[in-house]
Structures are given as C-alpha cells and as structure tokens.
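The values are calculated or read from the model by the stated rules, or taken from the named source; none is laboratory data. Treat the numbers as computed from the prediction; the structure is a model and nothing was measured. Cβ sites come from the backbone with ideal geometry, for glycine too, and all protein chains shown count toward neighbours.
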C-alpha cells in the first residue's frame with residue numbers, strides 16, 4: 001500500500017518575492033550581439049589566414065572584413081552596454097588574469113587594431129608584409145576572442161550558465177565557426193569558398209553536439225534552455241543550424257544553397273546567443289534553480305562522508 005505524503009511539495013520562494021540571486025545588469029540586445037559579433041570576428045580572422053595561405057584572395061578579403069567589422073561593431077555594443085566609453089578604457093588600466101572580463105578586454109583591444117590594420121593593407125595593397133603580420137596576430141587572438149565569452153558567462157553565479165561551464169566553450173566555438181563560414185559563403189564565389197563550407201559544417205556539428213550534451217548533463221538546469229522564450233530561441237537556432245549545415249554540403253554546386261546555408265547559419269548563431277543569454281537570466285530569477293542543486297550537492301557530500 002502506498003504511503004500518503006503528509007508533507008506538501010516545497011514551493012520555492014524568497015523574501016518579499018525577490019530572487020535568491022541578483023541577475024547581471026547586462027542589457028539586451030547589447031550583450032548578446034557582442035557575444036555574437038566578437039565571436040564571428042575571431043573565427044573569421046582564422047579563416048582569413050587560411051585563405052591567405054591557400055591563395056584565395058576573395059575569401060581572404062571577405063573574412064578580413066568580417067573580422068574587422070565584427071570586432072568594431074562588437075566593441076560599440078559593449079561600450080553601449082557599459083554606458084560610457086571611459087568605462088571600457090578603465091578595464092584596460094589593469095590586467096587581472098582571474099577575471100574573464102579583464103582578459104577579454106585585453107584580447108579585444110589588440111585584436112581590433114590588428115584586424116583593422118590587416119584589412120586596410122589588404123584593400124589598399126600597401127605595406128603587405130606588415131598587413132600579413134597583423135593578420136597573423138589577429139588569427140592568433142581569434143580563438144581566445146571567440147571563446148572567452150563562454151568563460152565570462154560560466155564564471156558568474158547564474159545557475160544555467162555556471163553549471164554549463166564544460167560545454168559552453170564548445171557551443172560558442174562551434175556556433176561562431178559556423179557563422180563565419182556562412183557569412184563567407186554569402187559573399188565569396190563558390191570556387192573559393194571550399195574552406196568556408198568545411199568550417200561551417202564542422203562548426204555546426206560541434207555546436208549541435210555540444211548543445212545536446214549540455215542539455216542531457218544539466219538535468220533540471222536544462223529547463224531554462226527548453227522552456228518559454230529562451231526555449232523557443234534555442235529550438236529555432238538548432239533548426240537553422242541544422243538546415244545551414246545540410247545546405248552547406250551542396251554549396252559547391254549551387255549558389256542558392258550557399259545563400260541558404262549562409263543565412264541560416266548566421267541567424268542560428270545569433271539566436272543561440274540570445275537563447276543562452278535569456279536562459280541564464282531566467283534561471284537567476286527562479287529560486288529553485290539555485291536552491292535545488294545546492295541541496296543535491298549537500299546531500300551527496302553527506303552520503304559520501306557517512307560510514
């Protein structure tokens with residue numbers, strides 16, 4: 001006979017209905033756009049150097065434009081979120097290795113200058129050696145720029161971000177690689193876009209696999225990524241990314257397929273950033289996503305320490 005439950009289900013609340021955590025004060029659309037633009041700039045800088053090494057000038061120029069433009073627009077979005085330009089400059093006064101925001105600022109600042117110098121040299125044809133060195137420097141900073149934002153989010157106390165620290169860098173890296181390849185496919189002739197297509201397919205596959213693993217491992221904390229507006233954004237991003245990956249396979253034969261792939265991958269990457277951002281905010285507002293995991297970890301430690 002099943003025992004009757006005498007204790008009612010716990011209702012998670014807080015004093016005066018306020019959240020347990022104070023959500024970050026980051027604004028939309030500034031921060032999600034910064035996450036996307038900075039990441040695409042980093043991935044595009046690597047693609048530009050690959051194009052330079054293999055003799056694909058059209059791909060090289062488009063990728064350099066994406067790298068310089070993405071970092072420039074991303075910096076504008078970041079400064080707009082901060083409110084005043086001097087706040088960004090203040091972050092460069094001190095280098096703190098323990099702060100992802102400080103490290104990211106020191107990556108973004110030199111990357112933007114190097115990417116712009118490489119683009120100017122490529123367009124004008126002047127100082128090609130210095131332009132190539134600038135491109136190499138930007139490519140070296142590209143992967144950290146593309147992924148440090150994952151560490152930035154995971155380093156907070158926001159439950160849906162913090163607990164996803166293992167998969168988030170792979171989600172972001174795959175997403176921006178797919179977007180960078182997609183943007184290049186939109187503007188580059190098919191005969192020079194083969195590296196972009198390969199980058200797009202690999203990046204899309206990495207993003208989809210990492211996102212699925214994140215959902216499976218997080219358990220209850222995966223709910224913010226699957227419910228409400230964040231859930232719809234993440235679902236749309238997954239569908240667009242998968243569509244773009246399939247279309248990329250046919251991009252070498254059809255210009256229409258290249259356009260569909262590029263537009264789908266770019267849109268999917270943007271929606272991923274907005275979905276992740278909004279899921280984190282939703283988890284910070286609901287006390288259960290903070291309290292339940294803490295109680296589960298406490299119970300596990302108690303069971304492990306008991307004889």
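Observations on the structure shown:
- Those helices (runs of 4 or more DSSP H) of the stretch 136-232 in which 3 or more residues are touching a strand residue (DSSP E or B) at 6+ places or on another chain (Cβ under 7 Å) are absent.
- Boolean, residue 182 is under 14 Å from residue 260 (Cα atoms), modelled with pLDDT of 95 or more and within 16 Å of the chain's Cα centre (by Cα): yes
- Given (1) at pLDDT below 95; (2) more than 18 Å from the chain's Cα centre (by Cα); (3) crowded, with 22+ Cβ neighbours inside 10 Å; (4) over 13 Å from residue 64 (Cα atoms), number of the condition residue 197 does not satisfy: (1)
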